[in-house]
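*Asks:* I have a structure here, written as structure tokens, and I will follow up with some questions on it.
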């Protein structure tokens, strides 16, 4: 059985509210925006600033300023890209790894406050459902990129039912 339109609206509203709150925290808190960047760098061997900006959904000039601050603090190294002399690669220093770990712990402590009244099972259930949603989202995106992508029949039917119900 598919979720109802009301269930979908409630889920989307909750996700948008959560996402907006996380975006606000990243903009307001230097630590949150720094953590996002350090976490990306921790997952790679050296990333181009343009790739970082694209992944974080911010203007490249913002990333350039952040990288300069992180380099001045000793958290990142900036080096020439051996594959493309026109670009740079940014990587974490040992101090950057330590700062990323410290900020991650600060963030986890903050989220622990949010779920302090939850059971461990509720926390695990939310994590599992969010992971499932991400996998589903990725599968739909891959299907849409496919050269043979066509609308799924039940999606079209649902849209038609709603449209005719409105008339």
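The values are calculated or read from the model by the stated rules, or taken from the named source; none is laboratory data. All values reported here derive from a predicted model rather than from experimental measurement. Note that we place each Cβ from the backbone using ideal geometry, even for glycine, and neighbour counts take in every protein chain shown.
*Asks:* Only residues that are touching a residue at least 24 places away in the same chain (Cβ under 8 Å) and surrounded by 14 or more Cβ atoms within 10 Å (Cβ to Cβ): list them for segment 82-105, please.
*Replies:* 88, 89, 90, 91, 92, 96, 97, 99, 100, 103, 104
*Asks:* Moving on to the next point. Would you point out which residue out of 33, 61 is assigned to a helix (DSSP H, G or I) and more than 25 Å from residue 130 (Cβ to Cβ)?
*Replies:* 61 is the lone residue from the list that is assigned to a helix (DSSP H, G or I) and more than 25 Å from residue 130 (Cβ to Cβ).
*Asks:* Out of curiosity, is residue 121 in a helix (DSSP H, G or I) and surrounded by 10 or more Cβ atoms within 10 Å (Cβ to Cβ)?
*Replies:* The answer is no for residue 121.
Rundown of residues vs (1) loosely packed, with under 12 Cβ neighbours inside 10 Å; (2) within 13 Å of the chain's Cα centre (by Cα); (3) outside the structural domain of residue 84 (by TED's automatic domain parsing), yes/no style:
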site	(1), (2), (3)
1	yes, no, no
4	yes, no, no
7	yes, no, no
11	no, no, no
17	yes, no, no
20	yes, yes, no
31	no, no, no
35	no, yes, no
39	no, yes, no
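*Asks:* Any idea which of 74, 96 is within 20 Å of residue 38 (Cβ to Cβ), in a loop (DSSP other than H, G, I, E, B), modelled with pLDDT of 90 or more and assigned by TED's automatic domain parsing to the domain that holds residue 43?
*Replies:* 74
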